[in-house]
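Take a look at the structure below.
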Amino acid sequence: MAIIIVLIIVIIAIILGIFYFYQKNLKAIDQITSELDQLNQINFDSTIQQVSNMKLAGASLARFEQDCKQYQQIKRDLVPQLQTSLITASESNSSFKIWSAHKKLQQLQEQVAQCLQNLEQATVGLKSLFTSIQQNQVRLHELQGKVEKNQQFLVNSADKLGAVKVSLQAALNEINDNFDRIIILINNGDALAAQQALQKLTDDLKEYQDLLQSVEQRLQVDFQAQVAELQVANKKMRGAGIHFPDPQLSEVLVKLQPQLLDLNKSLVALDFEQFDKLEKQIAEQIDYLYERVAKEWRAKKKVQKNQLILNDFINHANHQNRFLRQRMERLSKQFALNEYDRQLVNSFEHKLQEINQQYQKQLKTIRNNVAVYSDVLHSFQQLNQQLQNIEQEQVKIDNSLNGLVEGEKVAQNSFNDLTMKLDQIKHRVTAMRLKGLPKSYLKSYQIAEANIKRVHTLINSNPLNVEELTKQVATTNEALNNLESLVEQLINDIVLTTQLLQYSNRYLETVPAMEKAIEQTQALFDQQFDYAKALATIEHALEQVEPGAVERIKQLYITDQETPV
């Protein structure tokens, strides 16, 4: 049973396979039929006839014969053969010779595709050749018209072009010489060679138009007008008494002439790279000359504006210096002046003479019409800066002289304050009614007193040295501050020692060591007058007996001192 089923399945598969390939062959027959119809519809017989009537030669003739032969072979031989083979394959398929028909149809499909490709190549070549033959004459006339137009332009623009017309004419003649060869190619029927030659001629004409445009652009470059303008400006400036520093403007303009000739030669030679390089160099030089002209005109205006201002500045500086010298002479009878300031004022007198001489020298060049105003302006600016520096120093010296008078007043007031302060300190110590004073106090008091005497001596000296007096006042004030601090500490030690002694008396009978400490403290206080050591002795003894008592008593003392009366 299984074998029967397998056989049935195989038979069904074979039948289905035969039906599948039968349908596939039918589709292939339809496709090939359509493509053969397409081949039959392609007809270039009339074009071939037209080209055959034309005179051909060279590559054009060889190309025509090749394409024509291929066209005719396909149309007359291959297409009928393919049609016959298609009928045979179709009959085989109808007779259910499926596999044989399928193989033949595959071969036919490849052959028909190749025929279509070859026929397309042949027809394209024939069509291109025919078009080239038609267009070559048109393009020839167009190009001849363009050359004639360019020739007419050269004739009409001869004056404008100048010497470069010769180079342009030579380039155009070279293009024009190609027409004879192209006409020969066309007349001989070599259309393809003529087409290539016409294309090259078209490219050459385009390059020529670019060349002509480049020439026209560079013809706009004309430095002669600027050179002439600079020559006029140079003459006008000399008439106005304005001169240039070396190199002179006229010399530079003369040196420019060979460069201008080279510029023109490079254009005639159509050497645009060299032309552009020279143009840039010349333009930079001319721009620089214009800047020099403008610089000198501006300089003259600034000189005219600042001439009287500088003269007034010189006179003002001289007047101020004389005033300072006279004032210093007057004050030197009363004060000890700074020797450096005195020398500086004297040096200013010589410096101002030099400045005035330089100023007059520049004025002379102006009066004699030989001034280089940029140099004059530079000199004026330098002189003005020197005058400003002198003025600044004069102001400093004047302020210093003002400080002498003021310093004397301040020193006198300071002396009175210092004397009063020393008396107040002495009074505070005297008010303590001590049996004696420590050496440190006596020494500090003597130093402060000696400093005050020194201040008094300096105030009454003639001439008065204010600078030294000011320093001495500062030194004295420091000495008094030290003395005041020492006295403050001395009073604190005395008061605290007295309070601690009074408090320690409660332990006099109960603590034997306290009695000894009190005796030592009293000896230091009353006999040796070493109040600091006396305080340290009683502090130590009391702290041993009653810790914290010393600090408590000190705080009470400090609080009492801070409490306003």
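The values are calculated or read from the model by the stated rules, or taken from the named source; none is laboratory data. Just so we're clear, the structure is a prediction, and the values are computed from it rather than from any experiment. Reconstructed Cβ throughout: ideal geometry from the backbone, glycine too, with neighbour counts over all protein chains shown. Ligands, DNA and RNA are stripped out before the accessible areas are found, and what is left, the full protein with its side chains, is counted by its heavy atoms. Shrake-Rupley method; radii C 1.70, N 1.55, O 1.52, S 1.80 Å.
Given a cut-off of 27 Å, name the pairs among K333/K471; K471/K533; K305/K361 whose C-alpha atoms lie farther apart than that in the structure shown.
Details: K333/K471 21 Å; K471/K533 36 Å; K305/K361 18 Å.
The pairs that break the limit, which is 27 Å between Cα atoms, are K471/K533.
Stretching the chain fully between N346 and Q528 yields a gain of 59.2 nm (0.36 nm per residue, less the alpha carbon separation). Taken over the C-alpha atoms, region 288-349 has Rg and Dmax values of 20.1, 64 angstrom. Computed extension length for Q281-D177: 33.6 nm, one decimal, from 0.36 nm per residue of separation with the Cα-Cα distance subtracted.
Note on surface exposure: R552, R330 rank R330, R552 by accessible area, highest first, 1.4 Å probe. Filter K295/K364; K165/K206; K426/K516; K255/K277; K235/K255 down to the pairs with a C-alpha to C-alpha distance above 23 Å, please. Flagged as over cut-off: K426/K516. Computed from the C-beta positions of D262 and Y288, the FRET efficiency with R₀ = 25 Å rounds to 0.85.
The figure for E339 is an accessible area of roughly 100 square angstrom, using a 1.4 Å probe on the protein chains alone.
The overall shape of region 448-490, judged from the alpha-carbon gyration tensor, is prolate: a/c is not under 1.5, and a/b is greater than b/c. Using a probe of 1.4 Å, the accessible surface attributed to Y557 totals some 20 Å² when neighbouring protein chains are kept in position.
Taking Cβ atoms as reference points and 11 Å as the exclusive limit, the residues near A536 contribute a net charge of -3, counting Lys and Arg as +1 and Asp and Glu as -1.
With a Förster radius of 41 Å applied to the beta-carbon distance between K439 and T510, the computed FRET efficiency rounds to 0.65. A Förster radius of 45 Å, combined with the Cβ-Cβ distance separating S214 from D375, puts the computed FRET efficiency at roughly 0.50.
The figure for D398 is an accessible area of roughly 30 square angstrom, using a 1.4 Å probe on the protein chains alone.
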